[in-house]
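**Q** I have a structure here, written as C-alpha cells, and I will follow up with some questions on it.
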Amino acid sequence: MAFQNIQTIDLAMVRENSPNPTCDIKFTFLDQATGVMSELPAHKLILAFGSEVFMRQFFGALPEEKDTIPIEDSSVQVFRIFLDILYNKKISLEVFDFQLLADLYYLAEKYHQECLKDLIFKEVSARRIVSGNLLEVAKLAETNSHLEPFSSSLFNICFVFLRGSDQGTILDIFDNEEVGEENSLTLHRLMAGAKRSRPDPSDICKNCQHVPCLDGKELTKCNFVVGASVSHKFLGKRTRKTFKMNKYGVEYTIVEADGSVCNTSAKFSELSYMCT
C-alpha cells in the first residue's frame, strides 16, 4: 500500500483543481481588451524554492504581506505556463510559437530562472524558419533586443535562413512583404546581418548541421536534416541515419553489426540527434 506524502502528491494538480485551503498567494490578471479579471492561486513555499526572487518577496527581510498580487507585465496564459514549470510539470517548449517563447523568456529573466532561459535559447536556436515568417521573427527579435541572448537566437535563425536561400527566394520575400519604411529597414538589416554573421565552417556540427550542436536534442520538423546519426529513446543503440520526413515522422536506416541495412520510421519525439 502506497502512502500519500509530499513526494507523491501532484502539487500542480492541487494548485489547479483544489487550491483551497493550501494555496496562500493569488496572482490576478486584467485583460485590457475585455476587462475580464483572471486569477491564478499558488503556494508561496513552492514558488520560493523555485525562484530566489519569490524567496526574497515572500520570506525575505521585508516579506510581501498581501495575499493577492496583480500581474501587469504578463498574460494569464504565459504566467500559468511559468507556474507549471516551477511546479515541475512537464512542459514541451516545442509546441510554443516564438511570441509565447519571448514572453516566457521575459518571465525567466525577471524571476532569475537561468535554466529555463537556456532551454528557451536552445529551443529557438534549433528551429528553422520559412520565408513566410522571416519578417515576423526578425521584428520580434528587434522588439526583444533587451533580452539577450534570446534576441540574438532569433536573429541567428533568420540569418541561417537567408544564407541558405537562393536569390529568387530572397527577392520573393522583398516582393511579397507590404511596402513600408519599417519593413524595408528590417529586411535590409537582416541582409546586412546575414552577410556579417557567416559562421566559421569548423563551428557547424557535421552531424546535425547546426550551430550550436543539437546533440541529445529531439528531432522536429524545424531542425530535421538528412543523413544525421540519431538515437531512439526506446530501442537499442544501433546506428541510425535519417533520410527523409513523412507525415508521421522520420524515416531512417539502421546499420546492423554485420553491415546489413534496413529502413524503418519513428515519430519525431522518439528520435534525438547523436552527434558525439
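**Q** Which whole-number percent is the relative contact order of the chain (Cα, under 8 Å, 6+ apart)? Working shown, then result.
**A** Values: 362 pairs, mean separation 28.9, N = 276.
The value is 10 percent.
**Q** Add -39500 (n - 2.57) for each DSSP H run of 4 or more in the chain, then divide by its residues: what number comes out at 222 nm, to the nearest 500 deg cm²/dmol?
**A** On the way: 10 runs with 108 residues, N = 276.
After summing the helix terms and dividing by the residues of the chain, the value is -12000 deg cm²/dmol.
**Q** Taking the Cα atoms only, what angle lies between the long axis of helix 134-143 and the longest principal axis of the chain, rounded to 10 degrees?
**A** Orientation of helix 134-143: about 40 degrees from the principal axis.
**Q** What is the helix-to-structure angle for 150-163, meaning the angle in degrees between its Cα long axis and the longest Cα principal axis of the chain, kept from 0 to 90 and rounded to the nearest 10?
**A** Its long axis makes an angle of about 20 degrees.
**Q** Any idea what the relative contact order of segment 1-105 is, in percent, if you count C-alpha pairs under 8 Å spaced at least 6 apart?
**A** Computed value for segment 1-105: 24 percent relative contact order.
**Q** Under 10 Å, Cα contacts only: if you run a Gaussian network model on the chain, which one of Thr169, Thr34, Thr68 comes out with the highest mean-square fluctuation?
**A** Thr34
**Q** Starting from the Cα of Asp24, step 7 Å along the direction of its Cβ; do the same at Asp10; then give the gap between the two resulting points in nm.
**A** For Asp24 paired with Asp10, the spin-label model returns 2.5 nm.
**Q** How far, in degrees from 0 to 90, does helix 167-176 lean away from the longest principal axis of the Cα atoms of the chain, to the nearest 10?
**A** Computed tilt is about 40 degrees.
**Q** May I pose another question? Do me a favour and compute the ellipsoid semi-axes for the chain from its Cα gyration tensor, root of five times each eigenvalue, largest one first, whole Å. The partial results should precede the final answer.
**A** Details: eigenvalues 295, 169, 49 Å².
Sorted largest first and rounded, they come to 38, 29, 16 Å.
**Q** Right, something else. From the backbone phi of segment 9-16, what are the Karplus-calculated ³J(HN,Hα) couplings (6.51 cos²θ - 1.76 cosθ + 1.60, θ = phi - 60°) in whole Hz, Gly and Pro given as x?
**A** Values per residue, Gly and Pro as x: 7, 7, 5, 5, 5, 4, 4, 7 Hz.
**Q** Under 10 Å, Cα contacts only: if you run a Gaussian network model on the chain, which one of Leu119, Leu86, Leu62 comes out with the highest mean-square fluctuation?
**A** Leu62
**Q** Here's a follow-up. Any idea how far the Cα center of segment 211-249 sits from the one of segment 99-155, in Å?
**A** A separation of 23 Å, based on Cα centres.
**Q** For Ile25, what residues show an amide H to amide H distance below 5 Å, using hydrogens built from the backbone and excluding near sequence neighbours?
**A** Ala42, Lys44
**Q** For the chain, build the charge dipole from Cβ charges (+1 Lys, Arg; -1 Asp, Glu) around the Cα centre, then report which of Cys208, Phe159, Ser51 sits farthest towards its positive end.
**A** The one lying farthest along the dipole's positive direction is Cys208.
**Q** What residue among Lys247, Lys110, Lys66 shows peak mean-square fluctuation when the chain is described by a Gaussian network model with Cα springs under 10 Å?
**A** Greatest mean-square fluctuation among the candidates belongs to Lys247.
**Q** Work the Kirkwood hydrodynamic radius out for segment 1-101: mean of 1/r over every pair of different alpha-carbon atoms, inverted, in Å.
**A** Details: mean 1/r = 0.0666 Å⁻¹.
Across segment 1-101, the inverse of the average 1/r is 15.0 Å.
**Q** Here's another thing I want to ask about it. DSSP loop GluC sites (Glu not before Pro) in segment 204-276 with at most 14 other Cβ atoms within 10 Å of their Cβ, which ones? Don't skip to the end; give the middle numbers.
**A** Working: sites: Glu218, Glu251, Glu256, Glu270; in loops: Glu256.
Taking segment 204-276 and a limit of 14 other Cβ atoms within 10 Å, the loop GluC sites (Glu not before Pro) found are Glu256.
Quick note: the coordinates plus some simple rules give every number you see, no bench work behind them. From a predicted model like this one, the values you see are computed outputs, not experimental measurements. We place every Cβ from the backbone using ideal geometry, glycine too, and count neighbours over all the protein chains shown.
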